[in-house]
Amino acid sequence: MSVVPYKDKEGSKREQVAEMFDNISPKYDLLNHLLSGGVDIYWRKRAIKLLRKQQPKKILDIASGTGDFAIEALSLKPEKIIGVDISEGMLAVGREKIKKLGKQDIITLQTGDSENLSFESNYFDAVIVSFGVRNFQNLLAGLTEMNRVMKPQGNCVVVEFSKPRSFPFKQLYNFYFKYILPLIGKTVSKDSSAYTYLPESVQAFPDREAFLDIFKKAGFINTKCIPLTFGICTIYIGQK
Ligand SMILES: C[S@@+](CC[C@H](N)C(=O)[O-])C[C@H]1O[C@@H](n2cnc3c(N)ncnc32)[C@H](O)[C@@H]1O
């Protein structure tokens with residue numbers, strides 16, 4: 001059974017995830033930075049730096065949401081970044097941010113499902129995704145599509161929450177993640193399930209070597225994982 005945001009409601013994981021992100025979109029950025037103490041900004045920066053050598057010109061940002069990873073990717077000076085997401089609410093917030101930055105000519109945000117991308121094969125120089133893969137309905141299908149649309153020798157960078165392993169950080173973090181974070185999340189976002197879904201979905205998600213196994217099945221080679229901040233977050237990188 002996959003973990004879904006609204007256990008008492010009908011609807012596929014994809015539909016529920018889109019509804020949840022639509023609901024929390026006005027408060028998403030605020031809660032992200034508040035609940036992580038701003039460290040999420042560092043995680044995205046660190047991940048984008050891995051693509052510096054490659055200097056990708058055409059980048060696809062999967063599960064782009066409010067566009068923070070796409071905006072971070074501007075530092076690579078690409079010609080074009082396309083962000084796709086299943087939540088129109090998240091994309092609307094992202095479009096406003098990109099407009100304020102005056103970067104609409106470089107970043108385009110559009111509706112799209114990672115499991116069924118509308119792009120031709122071998123098109124992008126790099127494919128990136130931050131905090132998105134955990135929400136996919138079918139992880140292998142989503143990663144396989146990401147591989148399909150990327151050029152051979154291109155790099156794919158994935159950032160996702162993972163489970164810390166070491167005592168006492170693991171215990172302290174689990175307490176915060178299971179009890180404090182859902183309370184703050186619920187109070188600020190007014191969505192009673194979204195920030196309970198977050199720790200539950202992280203718990204159920206295959207991290208580190210287990211993720212790399214699926215990443216490889218999707219066609220990626222030279223794969224590597226880089227745990228960050230006591231293993232709360234992990235960057236995965238793979239080539240086509
Ligand atoms: C936690 S947010 C991450 C947003 C952004 N990448 C960031 O780093 O802040 C997860 C996003 O994944 C999107 N998402 C989930 N499943 C998706 C799918 N199958 N295809 C495209 N987007 C998806 C959600 O709508 C949501 O906006």
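The values are calculated or read from the model by the stated rules, or taken from the named source; none is laboratory data. On a predicted model such as this, the values are computed, not experimentally measured, just so you know. No Cβ is skipped: glycine too gets one built from the backbone with ideal geometry, and neighbour counts run over all protein chains shown. Protein only, heavy atoms only, side chains kept; ligands, DNA and RNA dropped before computing areas. Shrake-Rupley method; radii C 1.70, N 1.55, O 1.52, S 1.80 Å.
Quick look at the numbers
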| item | result |
| --- | --- |
| Burial ranking of peptide ranges 10-16, 141-147 (average Cβ count within 10 Å, highest at the top) | 141-147, 10-16 |
| Space enclosed by the convex hull of the alpha-carbon atoms of the chain, per residue, Å³ | 114 |
| Charge dipole (debye, nearest 20) of the stretch 152-240; +1 at Cβ of Lys and Arg, -1 at Cβ of Asp and Glu | 100 |
| Förster-model FRET efficiency, 25 Å R0, K45 and K99, C-beta, rounded to 0.05 | 0.65 |
| Given K9/K216; K7/K216; K45/K103; K80/K100; K178/K216, the pairs whose alpha carbons are separated by over 22 Å | K9/K216; K7/K216; K178/K216 |
| Positive dipole terminus of the chain, leading residue within M90, L60, I24 (C-beta point charges) | L60 |
| Whole-angstrom Cα spans of the stretch 1-66 along principal axes, big to small | 47, 28, 23 |
| Estimated D of the stretch 72-118 in µm² per second, where Rh is the Kirkwood radius over Cα pairs and Stokes-Einstein applies at 25 °C, 0.890 mPa s | 218 |
| In Å², nearest 10: area of F230 left accessible to a 1.4 Å probe | 140 |
| Listed peptides 2-9, 46-53, 115-122, 21-28 by packing density, highest first (mean Cβ within 10 Å) | 21-28, 46-53, 2-9, 115-122 |
| Calculated P(r) of the stretch 127-172 - Cα pairs past 17 Å, % | 47 |
| Percent accessible area from carbon and sulfur atoms, the stretch 53-179, protein chains only, probe 1.4 Å | 54 |
| Label-to-label distance, nm, for residues given as K186 and L74 (7 Å Cα→Cβ offset) | 3.7 |
| Point-charge dipole on Cβ atoms (K/R +1, D/E -1) for the chain, about Cα centre, debye to 20 | 920 |
| Sum of -39500 (n - 2.57) over DSSP H runs of 4+, divided by residues of the chain (222 nm, nearest 500) | -13000 deg cm²/dmol |
| Cα lying deepest toward the dipole's positive end in the chain, options G11, N135, N222, charges on Cβ | N222 |
| Magnitude of the charge dipole, the stretch 77-179, Cβ model with Lys/Arg +1 and Asp/Glu -1, debye to 20 | 580 |
| Förster-model FRET efficiency, 30 Å R0, H33 and N138, C-beta, rounded to 0.05 | 0.50 |
| Added length on full extension, which subtracts the Cα-Cα distance from 0.36 nm per residue, D213 to I226 | 3.2 nm |
| Spread of Cα-to-Cα distances over 10 Å intervals beginning at zero, given as percent, for the stretch 175-240 | 20, 37, 27, 16, 1 |
| Rough spin-label spacing in nm, given labels placed 7 Å along Cα→Cβ, for Q55 and E15 | 4.8 |
